[in-house]
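I have placed the structure first, in the form of C-alpha cells, so that the comments after it can refer back to it.
The values are calculated or read from the model by the stated rules, or taken from the named source; none is laboratory data. Just so you know, these numbers come straight off a predicted model, no measurement behind them. Cβ coordinates were reconstructed from backbone atoms using ideal geometry, including for glycine residues, and neighbour counts include every protein chain displayed.
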C-alpha cells in the first residue's frame, strides 16, 4: 500500500498504536512536568515544498520556518522559550545561505525572548530540509481538539488568505505568530488551532479527533486584501488562529464568527464549492 491517497489523518491512524496515550490528536504535545505543562511541537520544512530560494532570501526562509513552528505554541497559549533546529543541506550551499537562515530565525526568536538552544546538521543530495522543535510552558492544560462539543461557535482571529497572496505574487511574507493573543484566548477556555493547512482542513482535524462536525459559512470568513474566497478557506501557513468554544466566550474574545459545531462528524462549507479542502502532503 502506497502512502499517497491515505492523507495525513489516515497515516496518523496507522501509527497511533505506537504512540503514547493522548499523542497524535493535536499538533503540539502537552506534557505535565510536575509544576506546569510543557507544550512542545516539531515541524519540517522541505525546499521546493515549503520554501524556494529563487524568490525568498535565506533570512526570510528562516524567519518563516520559525514563525510557522511557533503557530502550534500560540494555539495552546504557550509563550516560546527555546527551539532546537536541525538542517540537512546540499554540499552546494554557500555558507551565507546557512548563516542567513539562522539569522532570520534569530531575529524572530529575539522578538519573543526565546533561545535557539541547539540542534543538528547533516548533508543531503537534496532537497534541503529544516526541522524545528519549539517549546514553552502554560500553567493549565489547554483544551485539545478532542474536547470540543456540538453547538459551540467557531471564530477566527482575523483575515485569511494572506499567505496564498504572498505565494501567488512571489513576495516574502514575514508573518508574526499570535503568541499573546493565544495566551488570552486559551485563558478564556477556548480550543484553538493554528491554520497551517487551511481553515477547512483544520476543522477536519478537529472533527477527526472529537467526532464533532462543523458548518462553516463561507460568506462570514474574513479575507486578507487580494485573497479569493477559496484561498481564505483553504490557504495554509497563516498567522491567524481558529478557536472553538461556547458562543458567549467566542464573542467575549472579539473573534470573527465563521460557523458552528454539529452532532454529525462532518465538515460542511455553505456558500462555496471547493476544489480542495486544504493542503495535505499525502492526499
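Residue check: residue 215 meets all listed conditions (1) surrounded by fewer than 24 Cβ atoms within 10 Å (Cβ to Cβ); (2) at pLDDT 95 or above; (3) touching a helix residue (DSSP H, G or I) at 6+ places or on another chain (Cβ under 9 Å) but one, namely (3).
All but one of (1) touching a helix residue (DSSP H, G or I) at 6+ places or on another chain (Cβ under 7 Å); (2) part of a loop (DSSP other than H, G, I, E, B) hold for residue 197; state the number of the condition that does not hold. Unmet condition: (1).
Mind checking whether some residue in the range 53-60 is surrounded by fewer than 16 Cβ atoms within 10 Å (Cβ to Cβ), farther than 12 Å from residue 132 by Cβ, at pLDDT below 95 and touching a helix residue (DSSP H, G or I) at 6+ places or on another chain (Cβ under 7 Å)? Checked against the condition, which is being surrounded by fewer than 16 Cβ atoms within 10 Å (Cβ to Cβ), farther than 12 Å from residue 132 by Cβ, at pLDDT below 95 and touching a helix residue (DSSP H, G or I) at 6+ places or on another chain (Cβ under 7 Å), the range 53-60 yields no hits at all. Can you say whether residue 98 is in contact with a helix residue (DSSP H, G or I) (Cβ under 8 Å, 6 or more places away or on another chain) and either outside the structural domain of residue 30 (by TED's automatic domain parsing) or closer than 22 Å to residue 29 by Cα (or both), as far as the supplied structure shows? No.
Counting only residues that are within 11 Å of the chain's Cα centre (by Cα) and modelled with pLDDT under 95, the range 222-243 holds 4 of them.
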